[in-house]
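Working notes, beginning with the structure itself.
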Amino acid sequence: MFRSVEWRRTARCTLLALAIGAGLLPWPALAGETSAPPRTLFTNVHVFDGVNEKRIETASVLVEGNLIKAVSTDTIDASGATVIDGGARTLMPGLTDAHWHIMYAGLDSLDQIRTFEADYLHARALDEAEKTLLRGFTTVRDMGGGGFGIKRAIDEGLYPGPRTLLSGTHIGIDGGHADYTESWHGPRRFGAPMDRFEQMEVFRKVAGVDDMLAAVRFNMKRGASQVKLLMGGGVASTYDPLDVNELTYEEVKAAVDVANNWGTYVAVHIYTSEGVEKAIKAGVKSIEHGHLITEDIAREMAEKGIWLDIQPFLADNPAAKALPPANYEKYLEVAEGFQNAMDYSKKYGVKVAFGSDLSFAPKLNGTQASGLATFGKWFSNFELLKMITSQNAELFALAGERHPYKEGPLGVIKEGAYADILLIDGNPLEDVSILGDNGRNIPLIMKNGMIYKNTLQ
């Protein structure tokens, strides 16, 4: 995996400089002098700002420290700045993924969480975090599975990776999408020991309102940005069909009440309209998946501003074909529903987020951005680019004060925004597929004002 000269010199040798670059420590000053953050000036670039359809042609973008200082078609003072000639490339915000699992993406199977050593699992997660950043994803919303230490290591500059808005431990039920134990392993309420998945803070199984209150409050104590509930059956599940609704209204409402108290929101894993309807009534703000929704539910989601974070599950997905027969049958049902769900969502204007949900197939992770083009039947290239930048960032902002990155907006190129910047070979407004292929067409990646990849030389 390529690393720029700047990364090799700074990230590997001087952790202090990384921490400073991440905005965690002040820029040092010499005795008697006023410190000044480093400056980087991008010239000769065409800017897609994450919001407007037309690029800002032949522009310059100035970065000071970890924020964007100026975007202009006029000459910008380059005093003291490192100048990078963009070569008439497209400059755009870093990519975002609204449904990522930092603890799962680098593993070949869920069972590896049960059988591998904890430190090895974390090493795999750190490795995949770096790869995620180096394919252009500067921010991800992690939708369950732990990872608080991984996020801390990245944010402190100890290791490269994307900004992460963590959900913390998945919360579900015995026998549901949170249960991957043996069939004879009973609930802890019946005296069974805590299983390995719960020990690793990957899944937590609750029974009743009191359990739910404790589980959500613990996730918030750990530093979660939002809450993730496993509310219904799943494709990878061991015991539950897709039609199963796994949490009561009272349990979901209890989670929403705690999230509201903490100024954030609840997202739920669910496929069916019945489950989505219950979630909306309880106050949930984000539906993860939702492939089997009806037209009436799509209309209600649009009217109430509920987000749909849906994945382009297609029948010919090679990873799906490797599933056990029973799980593959569930996958085909979900894939069949995808087209209808998107037709309804487009018809009524549901807020759609881009989230890949790539898990347990690391050889396919290079396609993380490739799935964006799959939505081309319903959205223009501009709408898709907005989705993977500023629109996802709008969803992330629902975390309110629990949002960990407050110095500037994400997903946009404008003065005061975080300096999360990509240079693209070509124009993604004409072809969004160039963002895929493991970042092959992204020669430069900057996150938080620091360059992690640069193959322009």
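Straight-line cross-link partners of Lys347 among the lysines, defined as a Cα under 24 Å from its Cα and at least 8 positions apart when in the same chain: Lys278, Lys281, Lys285, Lys304, Lys377, Lys386.
Put a plus charge on the Cβ of each Lys and Arg, a minus charge on the Cβ of each Asp and Glu, and nothing anywhere else: the dipole of the chain about its Cα centre is then about 940 debye.
In the range 50-97, the alpha-carbon atoms span a convex hull of 108 Å³ per residue. Sites listed here are chymotrypsin sites (Phe, Trp or Tyr not before Pro) in the range 271-323 whose DSSP assignment is loop and whose Cβ has at most 11 other Cβ atoms within 10 Å, and the list is empty. Relative to its residue count, the range 95-402 spans a Cα convex hull of 118 Å³ per residue. Once the dipole of the range 95-402 is set up with Lys and Arg at +1 and Asp and Glu at -1 on Cβ about the Cα centre, which of Leu247, Pro318, Phe379 lies farthest towards its positive end? Projecting each Cα onto the dipole axis, the largest value belongs to Phe379. Summarising the overall dimensions of the range 346-409 from its C-alpha atoms, the Rg and Dmax are 13.9, 36 angstrom.
For the chain, the relative contact order is 20 percent, taking Cα pairs closer than 8 Å that sit 6 or more residues apart in sequence and dividing their mean separation by the residue count. For the chain, the antiparallel share of DSSP beta bridges with both residues in that region comes to about 40%. Annotation: amide H-H contacts under 5 Å for Thr82 (H modelled 1.01 Å from N, sequence separation of 5 or more, or interchain): Arg39, Thr40, Leu41. Taking a ≥ b ≥ c as the square roots of the Cα gyration tensor eigenvalues, with a/c under 1.5 meaning rounded and otherwise prolate when a/b beats b/c, else oblate, which class fits the range 335-457? Since a/c reaches 1.5 but b/c is at least a/b, the shape of the range 335-457 is classed as oblate. Working from the Cα coordinates of the range 232-352, the gyration tensor eigenvalues give, after taking √(5λ), semi-axes of 25, 18, 11 Å in decreasing order.
Protection proxy ranking of 261-268, 36-43, by the mean of other Cβ atoms within 10 Å over each peptide's residues and highest first, is 261-268, 36-43.
Relative contact order of the range 76-220: 21 percent, from C-alpha pairs under 8 Å at least 6 residues apart in sequence.
Of Ile150, Gly449, Thr138, which is farthest towards the positive pole of the chain's charge dipole, taken about the Cα centre with +1 and -1 on the beta-carbons of Lys, Arg and Asp, Glu respectively? Selected residue: Gly449. Cross-link partners of Lys453 among aspartates and glutamates, defined as those whose alpha carbon lies under 20 angstrom from its own and excluding same-chain residues fewer than eight positions apart: Glu6, Glu64, Asp85, Asp97, Asp127, Glu128, Glu130, Asp155, Glu156, Asp420, Asp425, Asp437.
Each helix, a run of at least 4 DSSP H residues, gives -39500 (n - 2.57); summed and divided by the residues of the chain, these come to -8500 deg cm²/dmol at 222 nm. Across the range 257-324, Cα pairs under 8 Å and at least six residues apart give a relative contact order of 28 percent. Protection proxy ranking, highest mean first, for peptides 394-404, 98-108: 98-108, 394-404, where packing is the per-residue count of other beta-carbon atoms within 10 Å, averaged. Distance from the Cα centre of the range 308-329 to that of the range 167-208, in angstrom? Centre-to-centre distance over Cα atoms comes out at 24 Å. Sorting 139-148, 439-448, 84-93 by average packing, meaning the other beta carbons within 10 Å per residue, from highest down gives 139-148, 439-448, 84-93.
No lab work stands behind these numbers, since they all come straight from the coordinates. All of these numbers come straight from a predicted model, not from anything done at the bench. Counting neighbours? That spans all protein chains shown, and the Cβs are built from the backbone with ideal geometry, glycine included.
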